[in-house]
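A short worksheet on the structure shown next.
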Amino acid sequence: MNSVNVCIGGALILGLIAWKPVSQSKQSAPARKPNIVIVMADQWRAQDLGYAGNRQVITPNLDKLAAESVNARMCVAEVPVCAPSRASMLTGQHAHTHGVFYNDRPLRNEAVTLAEVCQQNGYQTGFIGKWHINGGLAKDFAPGRLAPIPADRRQGFEYWRALECTHDYNNSPYYNEVNKRFVWQQYDAISQTDSAIGFMTQKRDAPFLLVLAWGPPHDPYQTAPKEYRQKYANTPINLRANVPTKDTTEATRALRGYYAHINALDDCIGRLQAAMKAAKLDESTIFIFTSDHGDMLYSHDQINKQKPWDESIRIPFLLKYPAEFGRKGRTMDVPISLTDVMPTLLSMTGLSIPKSVEGQDFAALFRSPRAPRPDEAAMIACIVPFHQWNYGRGGREYRGIRTARYTYVRDLKGPWLLYDNQQDPYQLKNRVNDATMAQTQQQLERMLAQKLQKANDSFSPGNVYMDKWHYPWAAIDSLGNPYYK
């Protein structure tokens, strides 16, 4: 009963008004949607944070954030490389569906993105930092990384302080809404954080969505501000148990620089959190910290990403939303991926999830985390290996799954990797085709087959996908077949 339309006794009227449910009052004055802030680093693996158990890297602000957030400890990058992860996060689609499975290739204009859905529902949208989904169809991708991005290629973002891609963090250009070129005044992540604070603290009547995409801690590792590099310059570094002895010197040097970048970004997180609290935005904002993929950093004698090992696929994922989840830190070990971000956020904000979305809505699990089930897994893939892990350097197509306990991966020739991560956290012993693991391998194979079927992924050689999307390339694939002459 929302109103009284007949003349009746005053006492009864007062009684009816007093009885009126709170939920009906809210219907007459709908609550404002929560703000959304996504901070995405580049090449920051899940293992290198204080709250994740690394006692050498200095991350007090992220440790504090984790203490107030839901920590999705089994978040993975489905295709662990820059552009595919970013496109999957924004579209909620698998890389072979949206077509960005290879760096420096374009996310098509027809894609339905998180920013577009939010914008259509009254959100102000902003993007700051590394974009990396406006690639073209030329073999020479380098010029496009420094070119301005047309307004119709910004996928629903209005406020614009972005560049396609650079890793020159101390001489980092960007373009604004009218594609006027500027250069960030200092180490770019620091200046980008300033811009983010300015955007968030504007007076506005509408909720906002902001994506802040930093370039670090991606290599080059030795370019963080001097004050941060000095903290690690003479510090002995504890290497992971899967780093070969022959790589000790290079790994130590790389990690010192990597940690310096991370330390600088941690200070930026502290400034973001402080600014949000000062502006009274903290309570009503969904704040996510994550990364696009990890970094091998000489584990298994490997560098960079694309590979199926944990250092490459596992990424940090913290979600803080005090108004809904309170401020008590919790862990959620059900495997998720960046493909699940869009449906989860839309669900949390009460917005409809487009039919184009393939990711899973995990909003209920963030509200009430539970233990993972053995049949729950996130898919991992390399559709076409390229650049630092191209065919000539040992790259191969693969599909796999990461459960809370196991990693199982196939390449085009058959089963490739099987790790029991509970018993073997550094993935030192490949148990694939081990007779004692036969039943487990069969179960994981069935799970992978189901995932592929649901994703409508035929798991074909890379040239099939390159041909479908008309991408130029000249190589021999991992089976020795030449294509794209």
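Throughout, read-outs are computed from the coordinates displayed, never taken from laboratory work. Since we're looking at a predicted model, the values are computed, not measured. Don't worry about glycine lacking a Cβ; one is built from the backbone with ideal geometry, like all the others, and counts go over all protein chains shown.
Per-structure values
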quantity: Cα pair distances exceeding 33 angstrom across the chain, given as percent; calculated: 38
quantity: If the convex hull is drawn through the Cα atoms of the range 313-404, its volume per residue in Å³; calculated: 129
quantity: Computed label-point distance, nm, for sites residue 137 and residue 443 using a 7 Å Cα→Cβ extension; calculated: 4.7
quantity: Radius of gyration and maximum dimension Dmax of the range 125-227, Cα, Å; calculated: 14.0, 45
quantity: P(r) weight above 17 Å for the range 343-467, C-alpha pairs, percent; calculated: 66
quantity: Gained length - residue 183 relative to residue 456, 0.36 nm times residue gap less alpha-carbon distance; calculated: 94.0 nm
quantity: Cα centroid separation - the range 307-354 against the range 91-112, whole Å; calculated: 20
quantity: Under the Karplus curve 6.51 cos²θ - 1.76 cosθ + 1.60, θ = phi - 60°, whole-Hz ³J(HN,Hα) for the range 365-370, x wherever Gly or Pro sits; calculated: 6, 5, 5, 9, x, 9
quantity: Interchain or long-range residues, amide H under 5 Å from residue 337's placed H; calculated: 76
quantity: Listed peptides 360-371, 116-127, 46-57 by packing density, highest first (mean Cβ within 10 Å); calculated: 116-127, 46-57, 360-371
quantity: Share of Cα-Cα pairs in the range 229-347 lying beyond 26 Å, as whole percent; calculated: 37
quantity: In the range 255-336, GluC sites (Glu not before Pro) in a DSSP loop with at most 15 other beta-carbon atoms within 10 Å; calculated: 283
quantity: In degrees, nearest ten, helix 10-19 long axis to first principal axis of the chain (Cα); calculated: 10
quantity: HN-Hα J in Hz across the range 281-291 - Karplus 6.51, -1.76, 1.60, θ = phi - 60°, x for Gly and Pro; calculated: 9, 4, 5, 9, 10, 7, 10, 10, 10, 7, 9
quantity: Mean residue ellipticity (222 nm) of the chain, computed from DSSP H runs ≥ 4 via -39,500 (n - 2.57), nearest 500; calculated: -8500 deg cm²/dmol
quantity: At most 15 other Cβ within 10 Å, DSSP loop - GluC sites (Glu not before Pro), the range 139-241; calculated: 177
quantity: Point-to-point label distance, residue 277-residue 147, nm (Cα→Cβ direction, 7 Å offset); calculated: 4.5
quantity: Average Cα contact separation per residue, the chain, under 8 Å, 6 or more apart, as relative contact order %; calculated: 20
quantity: Alpha-carbon centroids, the range 386-465 and the range 199-245: separation in whole Å; calculated: 30
quantity: Sparse-neighbourhood loop sites, trypsin sites (Lys or Arg not before Pro) in the range 181-230 - DSSP loop, at most 13 other Cβ within 10 angstrom; calculated: 203, 204
quantity: Under 20 Å from residue 355, Cα to Cα: lysines that are on another chain or at least 8 residues apart; calculated: 451, 454
quantity: Dimensions in Å of the range 49-171 - Rg and Dmax from alpha carbons; calculated: 16.6, 46
quantity: In sequence order, calculated HN-Hα J values of the range 334-350 (Karplus, 6.51, -1.76, 1.60; Hz; x Gly/Pro); calculated: 5, x, 9, 9, 5, 4, 8, 5, 4, x, 5, 5, 4, 5, 5, 8, x
quantity: Scattering profile of the range 250-299 at q = 0.16, 0.27 Å⁻¹ [log10 I(q)/I(0), Debye over alpha-carbon scatterers]; calculated: -0.62, -1.05
quantity: Cβ-derived FRET efficiency at R0 41 Å, residue 204 paired with residue 356, nearest 0.05; calculated: 0.90
quantity: Degrees, to the nearest 10: 82-91 long Cα axis against longest axis of the chain; calculated: 30
